[in-house]
Amino acid sequence: MKKQSNNTNNGLNINLILIIQLIVMLVLFILIVMTISKTTRQNSIEHMGTIADERAHIIDNYVDNAEKTLMAYSKAGQIKDVLEHPTDEKALAAAQKYTEDFSADVDNLEGIYVSEWNTHVLAHTNADTRGLITRKDPDKLKELQDAMLAEGSGVYDTGIIISPASQQQIVSMYKAVYNDNGDPIGLVGLGIYTDALVQTLDNMPIRGFDESFYSMVNVKDGNYIFNIDKNKIGQPAVFGELITLCNKYRNSSKDDTGSFEYANNGEDYVSAYSYMSDHGWILMIDDSRSEVFSLTRNMRIYLNIFGLCVLGLMLLFHFINKKQQETAQKLSSAVEKNTKTKASLNKAVFKDILTDVNNRTAFSIDMDKLRITPATPRYFAMFNIRGFSEINSKFGNDAGDSLLVATVDTLSKFYQSADIYRTGSDEFVVSIPVEGDNVTEARMKSNVNAVVAQLIRPQNTSAGFITPSYKYALVKKTSLADSSVVTVLKDLAEHSIEGGEVQYADMH
């Protein structure tokens, strides 16, 4: 009877252990699913936002090149000469020849011309247009003149419109031409077809977002400039989120990015946008919600399968625990597997997969554990790659990844006893303990300068050699640690100048 009682007690103890383990695994499983789901979801949206910024930069460059073309045309001697002598046949012929020669060198040109201040055309890409007055309505003429004068010596960009002449979409802009006294004597105008821009955007696939499409809206009138449905171009946006954004940015002079979700024709979509304040345009990259968050969904499926597998194993152990020795062996094996699983999952949560250094989550947790006092201070150094998104855009993500890994390699060599964290897509923070009494502010700054000197050396990547540039800063903490040190470092780093003095601050 006593032996049976002992066996019963052992069985109860094993069952209790299994129940406790089941509860612990369930809690850990829920926390991991929530953390990974949130992280992957945010990463997907940020990736779309980066793509929208890159596409906006391409559009901005296209318009900027058109403005430079018009500026170059306006500065020609033939243009000023014909405006000062609009009835001189020799000046008119010279201006027309220059205009035709200039036009031949401009790609995607609808037309470029020079006219008197009343829009009487003196020379045009299309010679048949000479002599026409393009603004006969006095109110429209005054509106155009005032807009050009408001730009001074700059270009008045009317945006992307449907040309009344060709009925095709163009980038339209004007510039006033002044005499030596600063009085307007005429103007130059330019129309560039957007076909090449549209083709460039269409030919740029987005990895991981095969169903994505882009559109662009003018916030001034709320009309589409680009849209996957060509019939909507020039028509007003109709769904509420986009109308709200147009109202928000209509009087804004600051670039901005963001995202929102919406439903259309019974399907849910995610949209990441970039507002270009110089032009008053919102560029959007849209994709189905199911594709954007497919990684999150797959992660949940894999984790659920994993959780079910763990549950099945534990139930299996429960049914075979009648044999004490076998149960003990099975339980020991399960504990070992669970420990490894926890370590693997913890690494996924707290480690940066690419560079194998700690991530922002680990930084926040470690900061809570630090005990910093005036007698045991700690230094924090930040190194931030300048223009990282442009590097990815120009050289590719693989080259950008190589640059991140090379950055960590250099930091690891210089700060062997310090902790290194990747706190952002292109920023790293080094947590440096103070060892000995000879650690001074000057020495720490010198160390940072030495590190930067190595970091800015040309790096060999898959796209060839890249010479990176860095923003950097140094902070000394003498009191309880808190994660706000990253914010302080970012603010300091923004004011850093390459080759200049290290931006430094004391935090108490």
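The values are calculated or read from the model by the stated rules, or taken from the named source; none is laboratory data. Since this is a predicted model, take the numbers as computed values, not measurements. For neighbour counting, all protein chains shown are included, and Cβ atoms are generated from backbone atoms with ideal geometry for every residue, glycine included.
What to note about this one:
Residues are listed down the side, and each one gets a yes or a no for (1) assigned to a loop (DSSP other than H, G, I, E, B); (2) free of Cβ contacts under 8 Å to residues at least 40 places away in the same chain:
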| residue | (1), (2) |
| --- | --- |
| Ala150 | no, yes |
| Ser172 | no, yes |
| Asp180 | yes, yes |
| Gly186 | no, no |
| Gly189 | no, no |
| Met204 | yes, no |
| Asp210 | yes, no |
| Tyr214 | no, no |
| Lys220 | yes, no |
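- Total residues in the range 43-90 satisfying the condition of being surrounded by 19 or more Cβ atoms within 10 Å (Cβ to Cβ), of a type outside the set (S, T, N, Q) and either free of Cβ contacts under 8 Å to residues at least 60 places away in the same chain or over 27 Å from Tyr273 (Cα atoms) (or both): the figure is 6.
- Residues in the range 426-438 that are free of Cβ contacts under 8 Å to residues at least 60 places away in the same chain and either under 16 Å from Val475 (Cβ atoms) or among the aromatic types (Phe, Trp, Tyr) (or both): Val430, Ile432, Pro433, Val434.
- Check on Leu480, closer than 30 Å to Ile372 by Cβ, assigned to a loop (DSSP other than H, G, I, E, B), over 23 Å from the mean Cα position of the chain (by Cα) and of a type in the set (A, V, I, L, M): yes
Let's see how each residue does on (1) in contact with a helix residue (DSSP H, G or I) (Cβ under 9 Å, 6 or more places away or on another chain); (2) more than 21 Å from Thr50 (Cα to Cα); (3) of a type outside the set (Lys, Arg):
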{"position": "Arg371", "(1), (2), (3)": "no, yes, no"}
{"position": "Thr376", "(1), (2), (3)": "no, yes, yes"}
{"position": "Phe380", "(1), (2), (3)": "yes, yes, yes"}
{"position": "Asn397", "(1), (2), (3)": "no, no, yes"}
{"position": "Thr407", "(1), (2), (3)": "yes, yes, yes"}
{"position": "Ser417", "(1), (2), (3)": "no, yes, yes"}
{"position": "Val430", "(1), (2), (3)": "yes, yes, yes"}
{"position": "Asn438", "(1), (2), (3)": "no, yes, yes"}
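- All of (1) more than 32 Å from the chain's Cα centre (by Cα); (2) closer than 16 Å to Ile233 by Cα hold for Ile170 with one exception: (1).
- Only one of Asp255, Asp287 that is surrounded by 21 or more Cβ atoms within 10 Å (Cβ to Cβ) and either modelled with pLDDT of 85 or more or over 24 Å from Ile58 (Cβ atoms) (or both): Asp287
- If you check Thr35, Thr40 for being surrounded by fewer than 19 Cβ atoms within 10 Å (Cβ to Cβ), of a type outside the set (A, V, I, L, M, F, W, C) and either touching a Leu at 6+ places or on another chain (Cβ under 6 Å) or at positive phi (or both), only one passes: Thr40.
- Filtered by the rule that a residue be part of a helix (DSSP H, G or I) and of a type in the set (A, V, I, L, M), the range 191-202 gives Ala196, Leu197, Val198, Leu201.
Residue-wise test of (1) surrounded by fewer than 15 Cβ atoms within 10 Å (Cβ to Cβ); (2) closer than 17 Å to Gly280 by Cβ.
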position	(1), (2)
Gly154	yes, yes
Pro164	yes, no
Gln169	no, yes
Thr194	no, yes
Met204	yes, no
Phe209	no, no
Val217	no, yes
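- Any hit, the range 118-136, residues being surrounded by 14 or more Cβ atoms within 10 Å (Cβ to Cβ), out of contact with any helix residue (DSSP H, G or I) (no Cβ under 6 Å at 6 or more places or on another chain) and acidic (Asp, Glu): no
- Count of the range 103-148 residues, restricted to those that are under 20 Å from Ile59 (Cα atoms) and not in a strand (DSSP E or B), is 3.
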